[in-house]
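First comes the structure, then the notes that go with it.
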Amino acid sequence: MPTIKLDPIDRKILSELQTDGRMTNVELSQKVGISAPPCLRRVRALEEAGFIRGYHADIDAHVLGFEVQVFAMVGLHSQAESDLIAFEEHMQELPFVRECHMLNGEIDFILKCVAPDLQSFQKFLTQHLTSAENVASVKTSLVIRCGKDIPGVPFEIVEERSALEGEK
């Protein structure tokens, strides 16, 4: 957990960069209401503190031919920490796996996977996922459509919490 406390300008910087990570420092400084040099210092401090993990382009998978998106719910035989870590490391090696989250409950992991087509996904499923060491079960759900996909955090909630904490 980062140790620096965010002020309203820091939160505004993060919110603006989350919306458009390509804007110039001058554009960002204008949006948050400070001059460019201190804005850049704040961005660098937020990066160093770990609030900003990186910058990337939001690529449309369908345009690149990845027509299939699947959520895979994976159960493991063993939940020993070494086995959990081994599974996560194996998922890092599989390009079709775009996200891997360990869960609490009936399933151990949920994976977000993409593939060019169903045949490719089926091959991935049987050759790499269901046959992986320690995998007991895999249940899949094919995404029909996406109703909402917003990366990051809801800064309006962060602002509300900060305002309430300031009133104490």
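The values are calculated or read from the model by the stated rules, or taken from the named source; none is laboratory data. All of these numbers come straight from a predicted model, not from anything done at the bench. Cβ coordinates were reconstructed from backbone atoms using ideal geometry, including for glycine residues, and neighbour counts include every protein chain displayed. Areas reflect the complete protein model, heavy atoms only, side chains present, ligands, DNA and RNA absent. Shrake-Rupley method; radii C 1.70, N 1.55, O 1.52, S 1.80 Å.
Which three extents, in angstrom, do the Cα atoms of segment 51-168 have along their principal axes, listed largest first?
For segment 51-168, the Cα extents along the three principal axes come out at 56, 40, 25 Å.
About the Cα centre of segment 1-127, how large is the charge dipole given +1 on each Lys and Arg Cβ and -1 on each Asp and Glu Cβ? Please answer in debye to the nearest 20.
With only Lys, Arg, Asp and Glu charged at Cβ, the dipole is about 680 debye.
In Å², and per residue, what accessible area does segment 65-120 have when probed at 1.4 Å with the other protein chains present? Provide the component values of the computation, followed by the final result.
Numbers: 3350 Å² over 56 residues.
Counting only protein heavy atoms, the per-residue value for segment 65-120 is 60 Å².
Report, in debye and to the nearest 20, how large the dipole of segment 5-58 comes out about its Cα centre when Lys and Arg carry +1 and Asp and Glu carry -1 on their Cβ.
140 debye
Roughly how many percent of the accessible protein surface of segment 69-120 is carbon and sulfur, given a 1.4 Å probe and a whole-percent answer? Don't skip to the answer; put the middle values down first.
Values: 1580 of 3130 Å².
The computed percentage sits at 51.
Multiply the residue gap between residue 78 and residue 120 by 0.36 nm, knock off their C-alpha separation, and tell me the result in nm, one decimal place.
Numbers: separation 42, 0.36 × 42 = 15.12 nm, distance 2.82 nm.
Between residue 78 and residue 120, full extension yields an extra 12.3 nm.
So how strong a dipole does segment 61-138 carry about its Cα centre when Lys and Arg Cβ are +1 and Asp and Glu Cβ are -1, to the nearest 20 debye?
The dipole of segment 61-138 has a size of about 300 debye.
What residue among 101, 90, 57 has its Cα farthest toward the positive end of the dipole of the chain, where the charges are +1 on Lys, Arg and -1 on Asp, Glu, each on the Cβ?
It is 57, whose Cα lies furthest towards the positive end.
If one puts a single equal scatterer on every Cα of segment 1-73 and applies the Debye formula without solvent, what log₁₀ I(q)/I(0) results at q = 0.14, 0.22, 0.27 Å⁻¹?
-0.55, -0.93, -1.30
Describe numerically, in nm with one decimal, the distance between label points set 7 Å from Cα along Cα→Cβ at residue 45 and at residue 88.
So the two model labels end up 3.1 nm from each other.
Could you tell me the relative contact order of the chain? Use alpha-carbon pairs under 8 Å, at least six residues apart, and round to a whole percent.
Computed value for the chain: 23 percent relative contact order.
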